[in-house]
Amino acid sequence: MRAAELCLVPLMILSALGCEASTERRASCVPGASVDCTCSTGDRGVQTCNSAGTFDTCQCIPPVASATGGMVGTGGTPGGGGVIGSGGVVGSGGASTTAGASGNGGRSSASCSYAEFALPVITNDPYDITAGPDGNLWFTENYGNAIGRITPSGTITEFSIPTAKSYPEGITAGPDGNLWFVEMSVKANNVGRITPTGTITEFPLPTANSMPGEITPGPDGNLWFTEAGSADAATNIGRIGRITPAGIITEFTLPTGNTGPWAIAAGPDGNLWFTEVAGRIGRISPTGTIAEFAVPTSGGSPQGIARGADGNLWFTEALANEIARITPSGTITEFTIPTPNNAAYNIVAGPDGNLWFTEVTQTSTGTIVDSKIARITPAGAITECAIPNGMPYGIASGPDGNLWFTERAAGKIGRLAP
């Protein structure tokens, strides 16, 4: 496991706030923990939490197997499949109806099974994942500088991104039949589009060092994405971006700066909803009107967000050990994850009417000791399935009725039946 290269707690807290090679730090931390950051050279770096509970400056580390070159990369190298794991625990969450109230969980034994498919280069750091219009799953390779495609049977093909050291992160299927992704590196600063056959086009963002994080299709036929902003405290103003299928970009500035907008999803109300790691949930209309809702748990650090089958939005809180629900009117309810010291990241609506999310369990110094895929029902009952040593991060509902997820530390794509 590349502990120095994969942030241990939580994955995107500092990166989403625009972590660069700077002495300016805007988050407390657990001594000994590490997070990703981006150096001024565009290389990936790591920051370590010191004894004072603040992060040291970004220490650059060389990229691993970084891809460069042509518009289209070709592959077809099959991932190793058929590896089955089992495990998990069950928690019963409390279904509170008032904002800020937490559900309480018990624990009992449960089991689950899943298959894993190894990337051709396991150090390429598979990151986010989404279902494509072609019946396959598509994912970003943060360190590999590539977009990957995996069939439901596990065959993997990789396509190189033209811009080197782009660090692709969020990816989604667009209304135009293509896949759209964001390139977070300050040296790239692009939104990318890839066709199902692998042709990549990049669109530069108007604002320098905008650090885009996640992207989703909107109800207006466009793509919407988050911009965390640069590390400069004077200019670290987060934005929400909109790009048309033709590549025209518009940006909307958040009311307050230094909040770290991260994940984004279309809501049932015709608006876009997004998380801010500084402790808010944001809502933006297709015309750009923004509202923000404070999360009850201070310092919870909202991360992933998804629309649930119940007509609400559900999000993870990486530092609060909670999953939360927000209604379209802004009422928030929190549910405690049964396993303590968990950092929950991405979340998706499953084919079974429940929400599914990724999580890792850490020691007080930030060392990962366990990782899981978990399920929460609309009533708040939580079930956890152990994925040993995988460090799952991105998760998507596949066209085959399964849940698909990335394993950053293991360099694999996982498939789990709900």
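The values are calculated or read from the model by the stated rules, or taken from the named source; none is laboratory data. Predicted model, so just to flag it, every value in this text is computed and none were measured. Positions of Cβ are generated from backbone atoms using ideal geometry, with glycine treated the same way; all protein chains shown enter the neighbour counts. Just the protein is used for accessible areas: all its heavy atoms, side chains included, with ligands, DNA and RNA removed. Shrake-Rupley method; radii C 1.70, N 1.55, O 1.52, S 1.80 Å.
Computed quantities for the displayed model
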quantity: Some residue of the range 342-351 being touching a residue at least 60 places away in the same chain (Cβ under 8 Å) and out of contact with any strand residue (DSSP E or B) (no Cβ under 9 Å at 6 or more places or on another chain); calculated: no
quantity: Selected residue (criterion: nearest to TRP314 (Cα to Cα)) from residues of the range 336-366 that are part of a loop (DSSP other than H, G, I, E, B) and open to solvent by less than 40 Å² (accessible area, probe 1.4 Å); calculated: ASN354
quantity: Members of the range 271-318 found to be open to solvent by 10 Å² or more (accessible area, probe 1.4 Å), not polar (S, T, N, Q) and not in a strand (DSSP E or B), listed by number; calculated: VAL277, ALA278, GLY279, PRO286, GLY288, VAL295, PRO296, GLY299, ALA309, ASP310, GLY311
quantity: Residue in the range 367-381 that is in a loop (DSSP other than H, G, I, E, B) and free of Cβ contacts under 8 Å to residues at least 24 places away in the same chain present; calculated: no
quantity: Residue within the range 379-389 that is under 16 Å from LEU137 (Cα atoms) and crowded, with 24+ Cβ neighbours inside 10 Å present; calculated: no
quantity: When residues of the range 297-322 are limited to those that are more than 22 Å from ALA228 (Cα to Cα) and not small (Gly, Ala, Ser), the one farthest from the chain's Cα centre (by Cα); calculated: ASP310
